[in-house]
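What follows draws every value from the coordinates through simple rules; no lab data is involved. Treat the numbers as computed from the prediction; the structure is a model and nothing was measured. Heads up, the Cβs are rebuilt from the backbone with ideal geometry, glycines too, and the neighbour counts pull from every protein chain shown.
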Amino acid sequence: MSEEKNILEETASTVAEKVRKTRRNYHKKENYKQEEGTKTKRNYKTRTPKIMQEVKDGEVVETSIAKEVFKKSSLKIIPLGGLHEIGKNITVFEYEDEMIVVDCGLSFPEEDMLGIDLVIPDVTYLKENLDKVKGFVITHGHEDHIGAIPYVLKDVNVPIYATKLTMGLIESKLKEHNMLKAVKRKVVKYGQSVTLGDFRVEFIRTNHSIADAAALAIYSPAGIIVD
Ligand SMILES: [Zn+2]
């Protein structure tokens with residue numbers, strides 16, 4: 001057995017021991033909480049230290065413990081409309097007891113939809129989980145991305161995050177519906193991030209046929225998604 005391999009195995013077992021210790025501590029913490037009768041929605045799996053050591057190519061590197069060691073919860077991505085139809089883009093990202101919503105668009109009726117002016121997404125799922133919804137993050141100001149905001153926000157009134165021009169377009173819609181005062185809004189610059197519960201959303205400069213469009217990098221404990 002080469003010396004190099006020996007060192008590698010030694011480091012690996014040291015790391016494994018550290019991991020076991022951390023795990024034990026969290027179990028202890030959890031038991032303690034239960035003894036005290038404190039109810040907590042969070043379990044130790046989501047309250048793990050963010051950084052842990054890992055062996056990679058014989059070197060100890062820092063990595064996310066949640067990713068490598070503990071069984072993690074999964075991220076759900078739920079389109080409420082728009083995936084295979086033109087218009088009404090609205091997608092829910094759900095991780096444990098938290099949700100964020102990307103875009104909130106509407107579509108225009110098909111020829112056979114007589115007497116219908118606008119088609120807005122079905123947001124029953126959001127209404128049923130109102131306390132979990134942390135906010136809307138909006139990519140850009142086209143109707144199929146912002147058009148349903150006044151209708152949806154009547155029932156799901158959570159803060160909106162968007163770039164400056166996009167927010168301007170949203171605001172004129174809210175104003176039309178007399179909702180400007182009722183809705184919390186935050187303008188986000190390119191390169192900035194907003195933290196929404198366990199999610200962090202970074203607004204990235206991108207080109208689109210409307211100015212101030214953003215691509216979103218969505219960081220969750222289950223991984224990163226660029227939308
Ligand atoms: Zn567009």
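Observations on the model:
- The chymotrypsin sites (Phe, Trp or Tyr not before Pro) of region 143-195 meeting both criteria, a DSSP state outside H, G, I, E and B (loop) and at most 15 other C-beta atoms within 10 angstrom of the site's C-beta, are TYR190.
- In terms of packing, defined here as the mean over residues of other Cβ atoms within 10 angstrom, the peptides 99-106, 168-175 line up highest first as 99-106, 168-175.
- Overall form of region 172-218 per C-alpha gyration tensor (a/c, 1.5; a/b vs b/c): oblate
- Remark: the ALA217-GLU111 segment gains 34.5 nm on full extension, using 0.36 nm per residue and subtracting the alpha carbon distance.
- Shape of region 135-227, Cα gyration tensor, a/c cut at 1.5: oblate
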